[in-house]
1. What number of residues in region A:540-576 are more than 9 Å from every other protein chain (Cβ to nearest Cβ) and not in a helix (DSSP H, G or I)?
2. Hey, does region A:318-330 have a residue that's in a helix (DSSP H, G or I) and under 25 Å from the mean Cα position of the chain (by Cα)?
3. Residue B:400 fails exactly one of the following numbered conditions: (1) within 17 Å of the chain's Cα centre (by Cα); (2) over 28 Å from residue A:310 (Cβ atoms); (3) within 14 Å of another protein chain (Cβ to nearest Cβ). What is the number of that condition?
4. In region A:614-648, which residues are under 24 Å from the mean Cα position of the chain (by Cα), in contact (Cβ under 8 Å) with a residue 24 or more places away in the chain and surrounded by fewer than 17 Cβ atoms within 10 Å (Cβ to Cβ)?
5. Can you confirm whether region B:599-612 contains a residue that is at pLDDT 95 or above, assigned to a helix (DSSP H, G or I) and surrounded by fewer than 19 Cβ atoms within 10 Å (Cβ to Cβ)?
6. When you look at residue B:149, is it in the same structural domain as residue B:260 (by the TED database) and free of Cβ contacts under 8 Å to residues at least 24 places away in the same chain, yes or no?
7. Any idea which residue in region B:558-598 is farthest from residue A:586 (Cα to Cα), counting only those that are crowded, with 21+ Cβ neighbours inside 10 Å and without any contact (Cβ under 8 Å) to a residue 24 or more places away in the chain?
8. Checking residue B:295 against (1) part of a helix (DSSP H, G or I); (2) more than 14 Å from every other protein chain (Cβ to nearest Cβ); (3) surrounded by fewer than 23 Cβ atoms within 10 Å (Cβ to Cβ), only one condition comes out false. Which one?
């Protein structure tokens, strides 16, 4: 064990194990998680080559092997709880993704939720026994987030009782679905349904794409891998071109919408029914942001504790780089963010489960708010975490650039969350739509409830840009509830500004749509402020649940750092709204420095509490034991370019070059 | 040609070709550049496999082949001008790096500048004929930017007239030098020189690492590749462990410092002599930032012109995504930044050449300012461009994540500039040191000249945080010189604040060093503001040189967008310093929207003017003809995972899985 990191752990002011219990939701949860994780790291079948040393095809091969292995082992162990399956898989996957992920994440859930009873009897046993391996083919080369624009067609032919599927243009080729390229033999294809000459919009169809026994593509199917990406090398994201592919009428998922044998179309009873999965996935992505950031902080902070460099005082030994104020300023606000997002992720999961309960009892009343909240928070947390991961990487100097640090992998596997399941700017605008609607309702005298209830207040007070310090401010910069209030008022101000901007555009005789488009900068800003408020509020709320004094103290400092740092980074907003005075902002900068030096003492302990096993972290820089350099050297020596002392290119090009000159 | 992109080009308000001449420095320069570029893209020898389809070893192999080929062709064509060589190589390399880059960028230049005449006679012919292929081994596993901390030793043994080189610790292993792993047979090794029992600090030694005929590592040499990285797959960044390696006394580079046969050490006449190369490389990196960003903007803006998605007005065709205000707000400020950095890059190059001229005549007076400026601008432009490239990538939706977009390659090849040649935070602090020193000189009554002369003024006026709008402001938000003034005053304020912060820390009985460390957040912020001012100023200055009215008009709008966007993003600084009032900042936000819709018309023309050949851009999304989707499909189909319809993993894992369940 590296002595520096031991020293850090000895200096911690709180019990790390107890904080881990809080993060897991109780000691019994922690124990069970560790039990499950040990099933992976004690299993010799999961010994494998570092994927960074393999070709794309080898990586895919190794990932398929692992997918198959996980299926068998999970059944063998009888692990069936979704959280536990997740824990097991996360440990086995490390920082990378699962080859067959979409089969579990989209194909099976769609079958469960959209098959009628007869379809369930046919398809579920096939899919659960992996005779059928499937994916979910929605996105097309020319269309992503905007679903109405999808071009694939499914035309019902009553004569043969079949749907005929086509990709009528290049831009209509299905593109991106995970597992579509090589792994799947079936796909749920989203297509515009045509029957009796009429289009009824997007519906889902089960389309066989490969022969179940030979795995060869079926007639009319052009399918393959879309080629290398920034990351996701384990996954065969695929393309699918459909050329008059005929499937039986029964392959349309018919739990809600139906097409009768004579071609009569019956629409689903409610549009809201399909909307839940999307909300679920977006809510879960908030937790993903927290986990990716927790990993990155663990690596950067542990490394900052063992790395010595340069000098603060001449002639003295080189300090740990975490002693530099600039390093603290880079990393500790991100550590605070990792905690904030962890708690927000927990909240989103709980809220989703609660509202799903309501929905199952026919109560949809909270769904619109959850929809708006999950869209905005998905965008807010993924953007923030995305930038933060790169700051962590660069805070490790050159070594963060080595694949051995794991930071490049963490980044490339995480960054698509900013785009998939709803492009972030579009997500922010969905939330903005809800905020503006709520604002207008409040203005019309309606009493709002829930998280937007603060918009009621804007009607009572004149919130508008005004000279800073013109209004007496009663903000206590050390009091979190006071800061939550300030964040709330900032959000209210920006929502009001965006709404007024739309009004002004309308007065300039712009259409509703153009007025909206011409206000989008303000709308995104309002959404961002709203989400920021929610995060600060939820972090603060969480503190109320924490009994342990030492932990409460350090988490309060983290929450304070998160809140103050967010204000100083956006000080213009707060000053312009007259919510803070200049001296207050300056005072905050000083307070931030104090918090940095206080939190620095607990920095290693705070990342230890995330309890991310070395096998899952897979980073030489982030190792629990801090023995960085010897393992970096060992890793490098085992890399494939070193299998031979002399690379063949010497004989092929370098030596001949001499004689040609 | 895609009709949308044709329409964009037809709508441009200026002559693209003329703007290209301005960027190149004259029509004759443009013509010559195109001539050189055509030598590459018309040459069948440069047809090659997409590196993204190859394994690491194959990529390296292909890159060595290309390096060797470029050497032969450049000699054949008689191209010897450094700029022209650069143009030729840039075209051949596309977005990637050169395997033998360090031989040209560091090994040869160091020999040229630090060999004594005898050494020149021996080594230059060997290195110029590639008998000797070399690299520059400075960075160690445990030490990067802080050179004094390097641990490698070179101890003179008078008995044998040799230096004995050693890597005394794991952390002293040389790490990162490009071309060290496999390509080079020699390295210039930076080591602590010991002679007659005394250490004389870092000196440079020529160390043979591989046998010149067999290419096998020599005795005592442990050398290899450091393993896969985020990018730079073409380059064999290497490690080197020295175990009692003996080299003749003549292998120490002795132009300046010397060790006599009896072990007597003679120090170099001036420390400043070694300092020029560093300044040169940092100055050149500013131009790199501009080029990487220009490429990214070209891709994102062309794609935004051909991509249609979603709807602004219901029922109407899907608009080009560049018509969305949010898309314009993402990309057009970055386009403005690309132009700004291009002009700053030109300025840095010219200034370097001018000052080098002075230095050659013994006048070192401007070197400290150039040193400070190059450090700060290197950090400022690389950080800004680094973030901007990722914004460009994500503005392309999912397709930006495909390697076919080139944006992942551009990012991973560019991002190390934030770390190498001086870690950016350290660079910012170097500039801050100069700024604080200058501030103190001004305060002591000295009259400053050059780019920091504005610090004279802080002595005349009371610049300090004060309530916004307390002071009457006379800023014209449409007048660039007025905005330059505001940026200048912001910089002055922040330099003063940082300097005062150090004073306050000292009053709290902190040591000089601790006072400095406790002010680093403020110091980095001051440097950043200084650099931002310099960029806005140089962009504005450049406009004065442009005669063509149409081009002047569009570039003025770009400069205005750059300046106003920078203010609104940092509005807190300007408000707190009392430089702007709240209504002015709000007005700026409105003005930015107007500029976006004006510049949108010329967006494609403005990226066309960078004149980046498709072969160099290597992006399906950024193609000049806009025919994106068909080429994306074609690229995907040719990717290696599609060479066989059925991947072997089906037979190995998926089929057997069924029978095990």
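1. 5
2. Keep residues of region A:318-330 that are in a helix (DSSP H, G or I), which gives A:321-323, A:325-330.
Cutting the leftovers down to under 25 Å from the mean Cα position of the chain (by Cα) gives us A:329-330.
So far as region A:318-330 goes, yes, one or more of its residues are in a helix (DSSP H, G or I) and under 25 Å from the mean Cα position of the chain (by Cα).
3. The single condition residue B:400 does not satisfy is (1).
4. A:615, the sole residue that qualifies.
5. No; the residues of region B:599-612 include none that is at pLDDT 95 or above, assigned to a helix (DSSP H, G or I) and surrounded by fewer than 19 Cβ atoms within 10 Å (Cβ to Cβ).
6. Yes: the conditions hold for residue B:149.
7. If we take residues in region B:558-598 being crowded, with 21+ Cβ neighbours inside 10 Å and without any contact (Cβ under 8 Å) to a residue 24 or more places away in the chain, then B:585 is farthest from residue A:586 (Cα to Cα).
8. (3)
The values are calculated or read from the model by the stated rules, or taken from the named source; none is laboratory data. Every value quoted in this text rests on a predicted model; they were computed, and no experiment measured them. Using ideal geometry, Cβ is built from the backbone for each residue, glycine included, and neighbour counts are taken over all protein chains shown.
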